[in-house]
Amino acid sequence: MMKVLLLEDDEILSREIGKFLETKGVACFAVTDGDAFLAEFQREAFDICLLDINVPGRNGLEVCQIIRQSDTTTPILMLTAYGDIQDKTNAFNLGADDYLVKPFHFDELYLRMVSLLRRGARPAGTAELLAIGDLEIHVADMQVKRAGKTIELTPKEYQLLLLLARAGGRTLSKQSIAEQIWDVHFDSNLNTVEVYINFLRKKMDKGFDKKLIHTRPGFGYYLKSEGE
């Protein structure tokens, strides 16, 4: 059974989320403030964290940052009323994997949760190596190197890079990327794609003469070594 730890100070909404998730076979443990969340997170292992931002004590962003200092793999999904692109960028910079703006449909919440768990799963143990220019992706180890230098990526950044690499230089639309990485068809994820493309560019291309990640205006993004 999936175990979820929920940070939500709206007790009515918290109960509704808990009841809905129970119908999906998910055990939902809910707390109302950030300090209580961190205490519970340290006591037990959970499959996924759901964090509201505006809560008593440490807010959801602070909680996210603290979790990521010691745990880089447990998926974190932000649930918040704040929906502009800067708020999303702040959350992703602190280590959040996804972002759902209130009000939301509970079915969408469940889809996002399942997607995060599936996409965060370790790939089957193979010796697959993808090489594009001076970029190496060791699939089995989820290790990325450029010009021999190891590039540290979050799980979602790695999934996006792997998707672009396996496209073989083809252009992928924002919608296609959103559907394949987040497994949902909601337009709200299109800005998320832009944010993650920018994250990847900073990590993959900054400081290198040849750029790997390219935009085809009006169509989408592709990965290819310049000059190839």
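Restricting to segment 74-86, give me the number of residues that are open to solvent by 40 Å² or more (accessible area, probe 1.4 Å) and either within 23 Å of residue 153 (Cα to Cα) or in contact with a Leu (Cβ under 9 Å, 6 or more places away or on another chain) (or both).
The number of residues fulfilling the criteria is 2.
Which pairs turn up if I take residues in segment 59-84 that are free of Cβ contacts under 8 Å to residues at least 40 places away in the same chain and look for partners that are open to solvent by 70 Å² or more (accessible area, probe 1.4 Å) and not in a strand (DSSP E or B) with beta carbon separation below 8 Å, at least 6 apart in sequence or on another chain?
Here the result reads 66/58; 80/54; 81/54; 82/54, each pair linking segment 59-84 to a residue that is open to solvent by 70 Å² or more (accessible area, probe 1.4 Å) and not in a strand (DSSP E or B).
Give me the pairs: first residue in segment 33-46 and in contact (Cβ under 8 Å) with a residue 24 or more places away in the chain, second residue open to solvent by less than 20 Å² (accessible area, probe 1.4 Å) and in a helix (DSSP H, G or I), beta-carbon distance under 8 Å, and six or more apart or on different chains, which are they?
Once the first residue is in contact (Cβ under 8 Å) with a residue 24 or more places away in the chain and sits in segment 33-46, its partners that are open to solvent by less than 20 Å² (accessible area, probe 1.4 Å) and in a helix (DSSP H, G or I) give 34/60; 34/63; 37/63; 38/63; 38/67; 41/67.
State all residues of segment 1-32 that are in contact with a Leu (Cβ under 6 Å, 6 or more places away or on another chain) and open to solvent by 60 Å² or more (accessible area, probe 1.4 Å); if no residue qualifies, say none.
Listed by number, the list holds a single entry, 29.
Which one of 35, 47 is at pLDDT 90 or above, charged (D, E, K, R), open to solvent by 20 Å² or more (accessible area, probe 1.4 Å) and over 20 Å from residue 154 (Cβ atoms)?
Details: 47 fails: over 20 Å from residue 154 (Cβ atoms).
Within the list 35, 47, the selection yields 35.
Write out, first by first residue and then by second, each pair whose Cβ atoms fall under 8 Å of each other, whose residues are 6+ apart or on separate chains, and whose first residue, in segment 1-12, is without any contact (Cβ under 8 Å) to a residue 24 or more places away in the chain while the second is in a loop (DSSP other than H, G, I, E, B) and open to solvent by 10 Å² or more (accessible area, probe 1.4 Å).
11/32
Please give the number of the condition residue 27 fails out of (1) within 17 Å of the chain's Cα centre (by Cα); (2) assigned to a strand (DSSP E or B).
(1)
Taking segment 50-73 as the search range and keeping residues that are of a type outside the set (A, V, I, L, M) and surrounded by 21 or more Cβ atoms within 10 Å (Cβ to Cβ), which one is nearest to residue 92 (Cα to Cα)? Working first, answer last.
Pass one, segment 50-73, residues of a type outside the set (A, V, I, L, M): 52, 54, 56-60, 62, 64-65, 68-73.
Remaining after also requiring surrounded by 21 or more Cβ atoms within 10 Å (Cβ to Cβ): 52, 60, 64.
On the way: 52: 14, 60: 12, 64: 10 Å.
Residue satisfying both the conditions and the ranking: 64.
The values are calculated or read from the model by the stated rules, or taken from the named source; none is laboratory data. Everything numeric here is computed off the predicted structure, so don't read it as measured data. When we count neighbours, we look across all protein chains shown, and the Cβ atoms used for this are built from the backbone with ideal geometry, even at glycine. In case anyone asks, the SASA skips ligands and DNA or RNA and just uses the protein heavy atoms, side chains included. Shrake-Rupley method; radii C 1.70, N 1.55, O 1.52, S 1.80 Å.
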